[in-house]
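Okay, so here's the structure we're looking at.
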Amino acid sequence: GNNPLAMTRFQVVAGNPSYIAMADASSLLGVMCLMVSAFMRFKGRTPHIAIAGKHGNPCGAGVNWDRGSEVEARKRALMGDTTAVMGGELITNFPITDELGQAAYKAPSGIGRELWGLDEVLAPAISENIIELMGKKAKRRLLVNPALARPQFPAEKWSYRQLHGDDWLRQRAPEFVLSPNNITHWTNGPIANGSLDDLIIAFACCWRASSNTVA
């Protein structure tokens with residue numbers, strides 16, 4: 001296909017992605033695309049976004065609008081559920097620099113372990129130093145795709161799920177994106193910017209999650 005974010009268009013710069021790793025990455029990618037699309041509809045622009053996941057389900061997400069705020073977005077994502085993110089995934093719409101990579105590698109004091117223990121990281125780019133550092137773990141997968149800097153909601157017509165044997169379920173692919181005209185009433189007046197960010201994050205994460213336990 002011609003989708004620039006197709007999983008086959010990601011470059012593997014460390015590790016050897018397994019079947020499960022690719023499926024988990026694809027699930028988080030769907031959350032990222034949905035969140036970006038919602039931000040564009042409400043605000044016409046996109047913040048720095050980081051989403052942490054476990055088994056492809058969001059267990060933490062952070063956004064920040066400030067210039068140079070990538071560190072804060074990454075921190076908010078990883079601190080969402082510091083237990084669930086162990087052995088999990090991280091996806092960002094910004095490059096992983098040396099500074100960001102160190103922060104995503106070494107955990108802060110107080111969470112009960114020295115390292116975050118991420119198994120998979122997806123970003124538009126990852127610095128060579130961080131590839132060398134994080135790639136030392138045999139089962140850690142690092143994937144890059146410049147198109148992640150500008151994620152687009154996929155225009156897929158159908159979604160499929162295999163059943164026992166050779167049967168398949170087919171239904172229309174989900175295409176709903178929260179936008180201002182979907183909201184007809186604010187209980188206590190128009191929502192503040194920070195709360196609007198929370199609403200968009202909650203919409204994207206909960207709508208795309210397949211596990212209520214994780215989300």
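The values are calculated or read from the model by the stated rules, or taken from the named source; none is laboratory data. Note that the coordinates shown come from a computational prediction; the quantities given were computed from them, not determined experimentally. Because the Cβ atoms are built from the backbone with ideal geometry, glycine has one as well, and the counts that use them run over all protein chains shown. Heads up: the accessible areas ignore ligands, DNA and RNA and are worked out on the full protein's heavy atoms, side chains in. Shrake-Rupley method; radii C 1.70, N 1.55, O 1.52, S 1.80 Å.
When the residues of the range 144-190 are filtered to those that are in contact with a Pro (Cβ under 7 Å, 6 or more places away or on another chain) and of a type outside the set (S, T, N, Q), the one that is most open to solvent (accessible area, probe 1.4 Å) is 146. Being more than 21 Å from residue 205 (Cβ to Cβ) and either open to solvent by less than 20 Å² (accessible area, probe 1.4 Å) or modelled with pLDDT of 90 or more (or both) is a property that residue 130 has. Going by the structure shown, is residue 81 charged (D, E, K, R) and in contact with a Cys (Cβ under 8 Å, 6 or more places away or on another chain)? When the stated conditions are applied, residue 81 passes them. Looking only at the range 48-57, residues that are at pLDDT 95 or above and not small (Gly, Ala, Ser) come to 3 in all.
One residue stands out among those in the range 69-99 that are under 20 Å from residue 132 (Cα atoms) and acidic (Asp, Glu): the one that is nearest to the chain's Cα centre (by Cα), which is 89. Residue 65 passes every criterion in (1) modelled with pLDDT of 90 or more; (2) touching a helix residue (DSSP H, G or I) at 6+ places or on another chain (Cβ under 6 Å) apart from (2). The single condition among (1) surrounded by 12 or more Cβ atoms within 10 Å (Cβ to Cβ); (2) touching a strand residue (DSSP E or B) at 6+ places or on another chain (Cβ under 8 Å); (3) within 19 Å of residue 30 (Cβ to Cβ) that residue 202 does not satisfy is (2).
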